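Written out below as structure tokens is the structure these notes cover.
The values are calculated or read from the model by the stated rules, or taken from the named source; none is laboratory data. Predicted, not measured: the structure shown is a model, and the values here were computed from it. Neighbour counts are summed over all protein chains in view; Cβ atoms, including those assigned to glycine, are modelled from backbone coordinates with ideal geometry. In case anyone asks, the SASA skips ligands and DNA or RNA and just uses the protein heavy atoms, side chains included. Shrake-Rupley method; radii C 1.70, N 1.55, O 1.52, S 1.80 Å.
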Amino acid sequence: MNPLERRRRQGAIGAAMSCVIVLLIVQMWLLTATLESYLAGHHGVAAPAFAVSLAVFLLCGALYALVMRLDRSRSSSHAPRSTSGPWTIGQQ
Amino acid sequence: MDDDRSGVAGRPRSSEGIWREEFSVDSAEDAYVQRRQFTKFLVLTSLGMACGNGWIWLRSLAAKNGPAYPELVVGRASELADGQVRMFSYPGPEDPCILFRRANGELAAFSQKCTHLSCAVYYAAGRDRLECPCHEGFFSPEDGRVLQGPPPRPLPRIRLSRRGDQIVAVAVEDKVEP
């Protein structure tokens, strides 16, 4: 893989990872706020909070799936990499 | 036989497999793979938190039906002088509560567990408030709301009813309006 493509891939995974981290922080806040609310006896917020949390998880999953798809498309469009290693074991 | 010789430069595939198993990722791609694995971990964490929210939702569905609180005689009104307290457990044996008579003669009962870190609160008759000695959290004896300190929520109030001279605990009011 050439350095430019490697840099692009690392940029893509970095962007996806950053988005997932931001979503995760939102989800953490949502969970603690929902728990706090539930313990205070306000049960009405639990259902919408669960829906939003599930949506955030699906978004995170979609981002990860996108990264995996990009990865797979890259592998299939390139020639298979050499399987030869820097050395061989048990060979002269 | 042919498979054994199908590797690059005539190296046997079996020997290539050994080093490829040990060094499955090129060093140049290492950072990429680490980030991808970390992202996967984050996504699984996200799933865990969604499950947590789901659990709270299920609990709230169960609570909507309303738990059936038992009726429990917790004492006699004539036995409690102004400022006196009585401990009891309600609704279960692991739920300590405090019953007290305020200076104005009113009877009140609350859960004894502080909503901060579950320390036992006590009734300070002189100051007419419920106090948590651990972190100086104070609660109102009227409705259990937080007057001062770190407790995030009011104390759950025990609803009382009078049956002649008997004081009966009938429910826990854990819903607090902001």
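Figures for the structure shown
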| item | result |
| --- | --- |
| Approximate spin-label separation B:LYS40-B:ARG59, in nm, with each point projected 7 Å along Cα-to-Cβ | 3.2 |
| 1.4 Å probe, heavy atoms, protein only - residues of region B:42-65 losing at least 40 Å² accessible area vs chain alone | B:LEU42, B:VAL43, B:SER46, B:MET49, B:ALA50, B:ASN53, B:ILE56, B:TRP57, B:SER60 |
| Kirkwood hydrodynamic radius over Cα pairs of region B:33-178, then Stokes diffusion coefficient at 20 °C and 1.002 mPa s, in µm²/s | 123 |
| Interface size A-B, as summed buried accessible area [1.4 Å probe, Å², nearest 100] | 4300 |
| Average beta-carbon neighbours from other chains, 10 Å sphere, peptide A:58-70 | 3 |
| Solvent exposure of region B:40-178 as accessible area per residue, Å², 1.4 Å probe | 53 |
